[in-house]
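Participant: There's a structure below that I have some questions on.
The values are calculated or read from the model by the stated rules, or taken from the named source; none is laboratory data. Everything numeric in this text was worked out from a predicted model, so none of it was measured. Note that each Cβ is placed from the backbone with ideal geometry, even for glycine, and that neighbours are counted across all protein chains shown. To get the accessible areas, we keep the full protein, side chains included, count just its heavy atoms, and leave off ligands, DNA and RNA. Shrake-Rupley method; radii C 1.70, N 1.55, O 1.52, S 1.80 Å.
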Amino acid sequence: MNSIGHILVATLLVASVIAGAAGCGVCSDDVTQSSVLSSEDSSEDTTRTTAGMNVSENRIQTAVNDSRAHLLSQASNDHWFANLSYRNETAPRSVRITLNYALMLELINGSEQSQRKALSYALSQRSSNGGWNDTTANYAALLLLRQAFSGAHQEVISDIKREIEDENMTLHPFEGETFLNASFLTRLYYLKLSDRYDRSELFDTESVNGGAENIANMTPAFEDGFDPDKRFIVTYAVLGSMTTSIFMAEINNNETEAANDRRKLAEQIILGRQGHDGNWEVTQGGVRALTALAVQNYTTENRTVEKGLDALQRMQRDNGRLPPFAMSVTDTADAHRTLHRTGVSKDNETLRRTAQWLLDVRTTAPNGSNPAPAILFRTHHGAGWGLVPTTYSDWDDTALAIDALNVYDDRLTNRSVQFLFTVQNSDGSWGAYMTDFAPLSDRERQRAIDEIGRDAYEGLFIDPEAHAVSAHALTAVGEAGYTVENNESVRHAVEYLIENNQPNGLWGSAWYSDYTYGTSAVLLAFEEIGVNMSRPEVQQATRALIEKQNSDGGWGEHWTPDDSDYHRWGSSTVEQTAWAVQALLAAGVSPDHPAVRRGVDYILDHQRSDGSWTPHAAFKLEAACRRIGIQC
């Protein structure tokens, strides 16, 4: 299970909900006739008067004001950047990620300062036993301390070795391990940096090979040579597949001409996947990419390596931790639109500055300063946004950014709105990232399942159904004036969502937990595009949500990816309560309805003194990791 471990996310979710329940209006929507957002702050006062409010309304307004102030204070220069972490870290996965980052720096001769920060964070997370109660973290730390900090921290080394001995820990491969595991990467660092273990002790080459090196040959992209314009695996798994190809060849010490050709091809694809500002999609993708390039004898003198290291250094937190994901575009778009909808003027200095940042990090920025990177296996770069700056566009972040920027001038987003229509699936939906992506024939599909297993096949070749992404796309085009009354594509998308309403009467989500989020997104979209909210499916969804309200007034869901019964309704969280209340209000339920008032009271009762809320499980982080070819 995982969580968004930063107060930003919980705060931005509930701020708009409690404002909506109080009837708090949005500030002026006058169009700013500028594509560069250059006008002065109008300093309009959008705070509602409290005259005539009852005590509850006064409390809501105070909560809104406090949460807005907190969100504004959390903007980092020109954007927001939430800090993803895990809810129940029985295994210290953040420590594993951060230590592997430090080991990559050792391999490629990167920043010693970043290494020291990473080690400092890891040491701050040690258990009373002296280690981390985790095999991978313990061995990664030992390697780092011996290689990068030789002669120092001898007491720490003794403590870690004692825990390894007491718990009978071993660095050897374990049953069920894949090349996506953090332990796999740690052992690769041992292979490259240390002579304490030989190759056969570190890797069971037969088990790690599997069908990995054959994945490329299963797809149209590699028929009759190599064609980067043909379909390959899902775009967000390309990097994981290509880095693995290099790792496998290194582990197997395979120097045949065919193996070297595969390594060189994988190297070229990795280079082609880097974003303009140095990102490789997510932080762990960057660590893997730079590790693979180091294995290929790249050094810090190479410009691609230099940009990649700089990007990771920017993502490293002040305490040294490297978060698993850095979704600055998502965070900034969400925060911007939430603040505006809860009464902050679009001409507020922070909102104008962050809006300009969103424009500048579009896949291809309007001023041409961020030319699209040479992304392979994509017929287009996209006219929108990715989850991090200047990477290939995805539909969800494009929709969120459109929603945030439309308050200024629709000319800023017209091209991106039309782009969303061009990537709509034939069934009316928008997928998580791809459009009608089905590159394999029935014969190829069965071969892939036989060679790599059904789970790997689905992760590499299937784009997950994403009701919330479709809903966000609808909201974005609705903001641009497209409705069920005037646009066939909008009507087609509504038909898709109605037909795919789940047996429990709600809608799910690919990335967030789960029905509260999906249903909220769908009903907000329906409201925006003019769907009749009295239709049976909408009313059924409201009844289903109300039935799931807990006795404390909140809602709660729990997502357990390793459990066959992966979804459960459970104890309340502020995020899921906010989504549920948001959905009810969008469906036309009165703010005075007992379910809404009890939900709002739950949210208010859990607000912290600084205006934020304690975050809980929300983002399906492990699912996202698997989708992009890494393991958290």
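Participant: Leaving out ligands, DNA and RNA but keeping every protein chain, what accessible area does His172 have, in Å² rounded to the nearest 10, with a 1.4 Å probe?
Facilitator: 80 Å²
Participant: Let me ask you something else. Given 0.36 nm per residue, what is the gain on full extension from Glu201 to Ser426 after removing their alpha carbon distance, in nm?
Facilitator: Taking 0.36 nm per residue and subtracting the Cα distance, the gain is 76.0 nm.
Participant: Can you order the peptides 519-528, 127-136, 310-319 by their average number of other Cβ atoms within 10 Å per residue, highest first? Can you show the working numbers first?
Facilitator: Values: 519-528: 26.7, 127-136: 18.9, 310-319: 16.5.
Descending packing order for the listed peptides: 519-528, 127-136, 310-319.
Participant: Quick one: if the Förster radius is 25 Å, what FRET efficiency do Thr614 and Arg116 give, using the C-beta to C-beta distance and rounding to 0.05?
Facilitator: On the way: r = 31 Å, r/R0 = 1.23.
Efficiency, rounded to the nearest 0.05: 0.20.
Participant: Less than 12 Å Cβ to Cβ from Lys161, Lys/Arg counted +1 and Asp/Glu -1: what total charge do the surrounding residues give?
Facilitator: Summing Lys and Arg as +1 and Asp and Glu as -1 gives -4.
Participant: Can I ask one more? Taking 31 Å as the cut-off for C-alpha to C-alpha distance, list the pairs among Lys161/Lys264; Lys192/Lys307; Lys117/Lys192; Lys264/Lys307 that go past it. Can you show the working numbers first?
Facilitator: Values: Lys161/Lys264 39 Å; Lys192/Lys307 23 Å; Lys117/Lys192 23 Å; Lys264/Lys307 21 Å.
Check vs 31 Å cut-off fails for Lys161/Lys264.
Participant: Just to be sure I understand the model, the point goes 7 Å from the Cα along the line to the Cβ. What's the resulting Ser551 to Asp409 distance in nm?
Facilitator: That separation, rounded to one decimal, is 5.8 nm.
Participant: Amide H to amide H under 5 Å from Met327: which residues, 5+ apart in sequence or cross-chain, H placed 1.01 Å off N in plane?
Facilitator: Residues meeting the criterion, in which the H sits 1.01 Å from N, are Ala82.
Participant: Something else about it: Among the trypsin sites (Lys or Arg not before Pro) in the range 86-172, which ones are in a DSSP loop with at most 16 other Cβ atoms within 10 Å of the Cβ? Mind listing them? Intermediate results must be reported in sequence, preceding the final value.
Facilitator: Details: sites: Arg87, Arg93, Arg96, Arg116, Lys117, Arg126, Arg146, Lys161, Arg162; in loops: Arg87, Arg126.
The qualifying sites are Arg87.
Participant: Between Asn260 and Thr62, what length comes free when the chain is fully extended (0.36 nm per residue of separation minus the Cα-Cα distance, one decimal in nm)?
Facilitator: On the way: separation 198, 0.36 × 198 = 71.28 nm, distance 6.41 nm.
Between Asn260 and Thr62, full extension yields an extra 64.9 nm.
Participant: Still on this model: Quote to one decimal, in nm, the extra length available between Thr304 and Asp78 on full extension: 0.36 nm per residue of separation minus the C-alpha distance between them.
Facilitator: Numbers: separation 226, 0.36 × 226 = 81.36 nm, distance 2.50 nm.
Fully extending the segment from Thr304 to Asp78 adds 78.9 nm.
Participant: Using 7 Å Cα-to-Cβ label points, what is the Leu123/Ile157 separation (nm, one decimal)?
Facilitator: 1.4 nm
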